[in-house]
Amino acid sequence: SKAEMRHTCRGTINLATANITVEDSCNFIISNGGAQTYHLKASSEVERQRWVTALELAKAKAVKMLEESDDSGDESVSQTDKTELQSTLRTLSSKVEDLSTCNDLIAKHGTALQRSLSELETLRLPAESTEKIKQVNERATLFRITSNAMINACRDFLMLAQTHSKKWQKSLQHERDQRIRLEETLEQLAKQHNHLERAFRGATVLPASAPGTGGSAKDPCCPAKGDLSDEDDDNEFFDAPEIITMPESMGHKRTGSNISGTSSDISLDEQYKHQVEDTKKEKRTRIPYKPNYSLNLWSIMKNCIGKELSKIPMPVNFNEPLSMLQRLTEDLEYHELLDRAAKCESSLEQLCYVAAFTVSSYSTTVLRTSKPFNPLLGETFELDRLEENGYRSLCEQVSHHPPAAAHHADSKHGWTLRQEITITSKFRGKYLSVMPLGNIHCVFHSSGNHYTWKKVTTTVHNIIVGKLWIDQSGEIDVINHKTGDKCNLKFVPYSYFSRDVARKVTGEVMDPSGKVHFVLSGTWDEKMDCCKVTLGAGDNGGEGRQRALEAEDSRVLLWKKNPLPKHAENMYYFSELALTLNAPESGTAPTDSRRRPDQRLMENGRWDEANTEKQRLEEKQRTSRKKREAEAARATEDGTPYDPYKPLWFERRKDPVTQELEHIYKGGYWESKDKQDWSLCPDIF
C-alpha cells in the first residue's frame, strides 16, 4: 500500500535498488542484492511480462523519487548495496579505458611531434634555432613519460579498487546476515522472556488466589491490576498473505494491545451520525469504535532500532485519533487540583496539590498504548472551558525537527499553566523510551507563587511480543521559586520481583532548609495521599517520616482517578475528557487539530484513506520546508534580510525564572476568535 512505501517492513523490497531478473517463461526473481530474494511465478508468459514491465516502471519511478527526496533520515542505510558498487566499478573501468585511449593518442601524436622536431634539426638553421628545437624535443619526451606514468597509476588504482570492492561486498553481506540473525535471536529471546514471566507469575501468584480471579497484582498489562492475560503470544505475528487478503472495509489491529477484538453490531456511520458539533452544554460521550485491522508492529519497528522515531513515517495503524497537542491539553483533566491549590494559604499545602496535579497527568497513559499524531508545523488546538470549568487552553506546534509544542492555559480561579515540550523517543529493541524535554510552569496570581517541574520518562514495553504495557520512571522536582519550597517525587519503575504495589509514586514536601513537612504516597494511575509530618524536639527527618506514615488519621486524599467511560476498551481507552477533544467545533482556527483530515478519517474508521491523506499532508509540509530553505539560501547569497519561521501565537524569549529560551504565549488568539479573523493563519491542511 502507499502507506508502506516510505518505510521498509518485514516483507518488502525497496524497488529503487531492486534487481528484477527473468528466470524462464513464467518465473521471475526480485532481489535486493543479498538480504532478500523473492521467486515469483506467473500463470502465463504474457502475465509474467506484464508484471515485469509494471515493476520496471515502478522501479524507475522509485529511483526518481529517491533522487528528489530530502535527507530526513527516512531511508534505510542498506540501500548502498551491491548494485551501486557494481555500477561505480563499471564507471571507473570506462574512465580508465578513456585514459588508455588518450594514452595511445598521446603516444601517436608524441611520436609524430618528435619526428617533425628531428626533421627540423637536420635543416640548416642558425645555431640559436637548433638549441630551441632540442629544448622543445626534450620537453615533448618528458611530457610523454609523465602521461604514461599517469595512465599506469590509473590502471593500478582500478585493480586496487576491484580487489577491495570484493572485500567490501563480503563485509557488507556479512553485516546484513548478522543483522538478520540478531533480529531473529532478539525475537526468540523476547518470546522466551515473555513465557518465563508468565510462568513465574503463574507459579507464584495463581495458587494463592481464588480460581478464576487471576489475582496477579503484579501484571502490568492488566486494566485493574488483576487478570492474567490468557492470549497466546504467537497470535501477535502475521504473515504477508493475511495483510494482503484483508478486506478494505476492515482496519488494522495490534492483537491484544489496545482492544480485545470485540465486534460491534453498530456500523461506523451509525455511530458517527449522532456526532454533531459540541455545544457548551452537552459534550459527546462516545466515538466510533476502533476497527479490527491486523498489522505486525515488530515488522516496522525492527528497522527503527536506535533511531529518533519522530523522523520515521508511521502508518495511522499505530495511532489514536488525537494529536500530541490534544494529549498535552489532557494534562488539564484534573484542573480542580489547581483550583484547590489557588485557595491554599500555606505554600507547603499548595505544593502538595501541585505535586498531585503533576502525577495526575500520567493517569490517562496506563492503557493508552497507541501514539498520538505528530502535529504539523503551525497546527494549533484550543480548549475553551471558561463557562463550565473556568479555564481555557491553547497549544501550538512551534517546531517540526525536533518536534516541539507550546501550551498556555489561564483560569479565572487564579492560576496560569504553561509548558513547552519537545518529545524525543528512542527504540531500544524490546521497549520504546519517550523522553519529554522542557519545563512546565504554574503561577498562582494572588500569592505570586511560581512552580516549575519537568516530566519523567515513559517506557512502552513488549514491542516485539506480548501485550504492550506502559511504565513511568524517574524523579520530578517541583520547585516554588518564590519561597524555595520543594517537592521531590519518585516514580518507581515496575519490577516483577518487587513486593511494592505497581506504578508506585512517593514524595516529600520540604521547606528551603530541607525539613520535611508532608509525605506523599500513591500510584500514578489511581490516587495520591498526603500525610503531615509532625516533628518533636530532637527528632530527625527519618523518624518523623516514619511517624507520619503511621499516623493514618492525618492522611488526606489529594487526588483520585476518574473511572473510564463505558466501552472505553473499544474507544482507545479514552477518558471522558479525551472523548470530547476531537469533537468538531465551530469558530476554531483553520489550523486546529479538529480540522486535520487524516485524524478525522482515522477517527471515523477509514484508515486506508487516512494513511493516504497523512502522506499528502506530510508531503505538503516537506514542500513548505524546502521552499523556506530555498528562500533562506537566496537571502544569504543576496545579502538581504530573511525572517526564519516564527510561530503565530507564541514567541521565543528568555524565561526570567529558568533563564532558558522558551516559547511563551504572546496573546491575540482569543481576540482573533472573537472577531473570527484568521487571516494570519497558514494553510497547513
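The values are calculated or read from the model by the stated rules, or taken from the named source; none is laboratory data. Please read these numbers as outputs of a predicted model, since none were measured by experiment. So basically every Cβ, Gly included, is an ideal-geometry build from the backbone, and we count neighbours across all protein chains shown. Note: accessible area is taken over every heavy atom of the protein model, side chains too, but ligands, DNA and RNA are not part of it. Shrake-Rupley method; radii C 1.70, N 1.55, O 1.52, S 1.80 Å.
P(r) tail for segment 19-68: Cα pairs beyond 17 Å make up 39% of the total.
One decimal place: the segment residue 498-residue 99 gains 136.3 nm when fully extended, by the rule 0.36 nm per residue minus the C-alpha distance. Summing +1 for each Lys or Arg and -1 for each Asp or Glu among the other residues whose beta-carbon sits under 11 angstrom from that of residue 559 gives 0.
Solvent-accessible surface of segment 385-447, averaged per residue with a 1.4 angstrom probe and all protein chains in place: 34 square angstrom.
Quick one: with all protein chains in place, what share of the accessible area of segment 440-539 is carbon or sulfur, to the nearest percent (1.4 Å probe)? So the carbon and sulfur contribution to the accessible surface is 51 percent. Heavy-atom accessible surface of segment 19-68, averaged per residue, reaches 67 Å², computed with a 1.4 Å probe. When all protein chains stay in place and ligands, DNA and RNA are ignored, the 1.4 Å accessible-area order of 156, 410, 598, largest first, is 156, 410, 598. Distance between the C-alpha centres of segment 403-475 and segment 150-193: 42 Å, rounded to the whole angstrom. In this structure, the residue pairs whose Cα-Cα separation is over 32 Å, taken from 426/490; 412/620; 426/627, are 412/620.
Sparse packing (at most 13 other Cβ atoms within 10 Å of the Cβ) combined with a DSSP loop state is found for the following trypsin sites (Lys or Arg not before Pro) in segment 402-475: 412, 428.
Accessible surface for residue 401 stands near 80 Å², nearest 10, in the context of the full protein assembly shown (1.4 Å probe). Sorting the segments 419-425, 89-95 by their mean number of nearby beta carbons within 10 angstrom, highest to lowest, gives 419-425, 89-95. The accessible surface of segment 19-68, taken with every protein chain in place and a 1.4 Å probe, is 57 percent carbon and sulfur. If the limit is 21 Å between Cα atoms, which of 343/486; 430/560; 646/666 go over it? Exceeds cut-off: 430/560. Protein-only accessible surface at a 1.4 angstrom probe places the residues 26, 531, 102 in the order 102, 26, 531, largest first.
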